[in-house]
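Colleague: First, the structure itself, so that you have it in front of you.
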Amino acid sequence: LPPMVVSFLAIPLALLSAFFIIQQQFLSAFFLALLAVLMDVIDGAVARLSGRVHPFNSYMDAVIDKAVDLILLGSFVFIFPLASILALGFSSLASFAKPRAGLIIITDNHDWPGIGERGDKLTVFLAGLLFSSFYGPGLMQPILYLVAIISAIGFFQRISYAKKLIHEAESKNRLLPYLYEAKNK
């Protein structure tokens, strides 16, 4: 299978998981969500093994990851609306804060603060689904709040770090050219 097909398989798996979440059948939801998340690991391996590593595929993989996050976290809006919205909102903000700096300066992933990464949030989320299948659906509400807190910490860390990087770039005249030119007009 082409790597993009493997990537796209995550979306129907996440949708099926969401169906079971809404039905509060968390064990089924857990296994489907786990498979959806594993597609992110498998697609990269398929790309490397098949020699189909491409920058656009990497871009689309990240977009699909965000769609999967939206489906999984958003499916709880029917059960725990506030917790779901906060988890989804802060998760989205944390994801946005890092790449947005890339529109101001040249940056990469190497030194960014590590709290609130997608893996952190998904580990907590998946563990919550699994434990909720044994201990009851009420456990997912604090899990969603925990995802929101982890995401919020990561969001504020990224803002702080972006501010530092932007000030450093500005002092060295290393803003992206369109910003440097606009600043000096």
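Colleague: Taking amide H positions as placed in the peptide plane 1.01 Å from N, state which residues far from residue 79 in sequence (5 or more) or on other chains have amide H under 5 Å from it.
Modeller: none
Colleague: Going by a ≥ b ≥ c, the root eigenvalues of the Cα gyration tensor, does the range 1-105 fall in the rounded group (a/c under 1.5), the prolate group (a/b larger than b/c) or the oblate group?
Modeller: On the way: a/c = 3.42, a/b = 1.25, b/c = 2.73.
Oblate.
Colleague: In debye, nearest 20, what is the charge dipole magnitude of the range 11-73 about its Cα centre with +1 on Lys and Arg Cβ and -1 on Asp and Glu Cβ, if you could check? Before the final figure, lay out the partial values.
Modeller: Working: 3 positive and 5 negative charges, 21 e Å.
I would put it at about 100 debye.
Colleague: Same structure again: State in Å² the accessible area per residue of the chain; use a 1.4 Å probe, count heavy atoms of protein chains only, and round to the nearest integer. Let's see the in-between values first.
Modeller: Numbers: 10270 Å² over 185 residues.
Value for the chain: 55 Å² per residue.
Colleague: Taking amide H positions as placed 1.01 Å from N in the peptide plane, with prolines and chain starts having none, which residues 5 or more places from residue 105, or on another chain, fall under 5 Å of its amide H?
Modeller: HN-HN under 5 Å from residue 105: 176.
Colleague: Oh, and also: Give me the distance between the Cα centres of the range 47-82 and the range 112-149, rounded to whole Å.
Modeller: 17 Å
Colleague: Roughly how many percent of the accessible protein surface of the range 1-91 is carbon and sulfur, given a 1.4 Å probe and a whole-percent answer? Walk me through the intermediate numbers first.
Modeller: On the way: 3610 of 4670 Å².
For the range 1-91, the apolar C and S fraction of the accessible surface comes to 77 percent.
Colleague: Carbon and sulfur: what percent of the range 108-185's accessible surface (1.4 Å probe)? Don't jump to the answer; show the numbers that get you there.
Modeller: Numbers: 2940 of 4700 Å².
So the carbon and sulfur contribution to the accessible surface is 63 percent.
Colleague: Also: Compute the signed sum of charges (Lys and Arg +1, Asp and Glu -1) over the other residues within less than 11 Å, Cβ to Cβ, of residue 7. Each step should come with its number before you reach the end.
Modeller: Numbers: positive: none; negative: 40, 43, 61, 65.
For residues surrounding residue 7, the net value is -4.
Colleague: Each residue of the range 49-63 in order: what ³J(HN,Hα) in whole Hz does its phi give by Karplus 6.51 cos²θ - 1.76 cosθ + 1.60, θ = phi - 60°, with x for Gly and Pro?
Modeller: 5, 8, x, 10, 6, 8, x, 5, 4, 4, 4, 5, 4, 5, 5
The values are calculated or read from the model by the stated rules, or taken from the named source; none is laboratory data. Every value quoted in this text rests on a predicted model; they were computed, and no experiment measured them. Note that each Cβ is placed from the backbone with ideal geometry, even for glycine, and that neighbours are counted across all protein chains shown. The accessibility values were calculated without ligands, DNA or RNA, using every heavy atom of the protein model including side chains. Shrake-Rupley method; radii C 1.70, N 1.55, O 1.52, S 1.80 Å.
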